[in-house]
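Student: There's a structure below that I have some questions on.
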Amino acid sequence: MSKTNTKKPATSSDQAVTVTIGGKERELRYSVGAFTVSQVRYKIRLPVSALTDPTIGDMVIILWIGLLTHYPRLDLATVTGWIEGEKHPLFKTYQRVAPAFSRALREFGVPDQEEEEEAEVSLEDMLAPLE
C-alpha cells in the first residue's frame with residue numbers, strides 16, 4: 001500500500017485560490033517549487049512589468065505557475081489550450097490570483113512597488129544592461 005503525500009507545499013495557506021480550469025476545480029498556490037519549475041525546467045522568467053502592467057501572456061504564465069505547485073509536470077501549452085478551448089475568463093481569473101501571486105513574491109523577499117520606489121536602486125535598474 002502506498003502512502004499519500006498529505007504535506008502541503010511551502011506556501012502560506014491564505015495564498016490558495018480555487019479556479020475552474022481544464023474541466024475541474026483546481027487550487028492555485030504560489031510556492032518556491034512552482035517558481036523553480038517554471039524557471040529551471042521551462043526557462044520562463046516573468047519581466048518586472050508583469051507585476052504592474054501584465055500582458056495576456058504574463059497572465060497565462062502567472063496562472064500556470066500557480067498550477068505548478070500541485071501539477072509540476074503541467075506544461076504551458078496545456079494551460080493555454082484550456083483557456084482557449086473553454087473560453088476561460090482569463091482577466092477575471094488573473095484579478096483573483098494576482099493578490100496571492102504578489103503576496104508570495106513579498107514572502108520570498110521581492111520588494112513591492114512602494115518599497116521599490118523607496119529603494120536607491122530599482123529592480124528595473126538592476127535589469128538594465130551595463131554600458
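The values are calculated or read from the model by the stated rules, or taken from the named source; none is laboratory data. None of these values were measured; they are calculated from a predicted model. As a convention, Cβ positions derive from the backbone with ideal geometry for all residues, glycine included, and neighbour counts pool all protein chains shown.
Student: Go over the candidates R41, R26 one by one and state the one that is buried (at least 17 other Cβ atoms within 10 Å of the Cβ), more than 12 Å from the chain's Cα centre (by Cα), farther than 12 Å from Q15 by Cβ and not polar (S, T, N, Q).
Tutor: On inspection, the qualifying residue turns out to be R26.
Student: Does T78 count as of a type in the set (V, I, T), at pLDDT 90 or above and more than 19 Å from T18 (Cα to Cα)?
Tutor: For T78, the condition - of a type in the set (V, I, T), at pLDDT 90 or above and more than 19 Å from T18 (Cα to Cα) - is not met.
Student: Okay, moving on. Provide a single number: the residues in segment 59-75 that are farther than 19 Å from V17 by Cα and in contact with a Lys or Arg (Cβ under 7 Å, 6 or more places away or on another chain).
Tutor: 0
Student: If I filter segment 58-84 down to residues being in contact with a helix residue (DSSP H, G or I) (Cβ under 8 Å, 6 or more places away or on another chain) and of a type in the set (V, I, T), which single residue comes out as surrounded by the most Cβ atoms within 10 Å (Cβ to Cβ)?
Tutor: For segment 58-84, the residue satisfying everything is I65.
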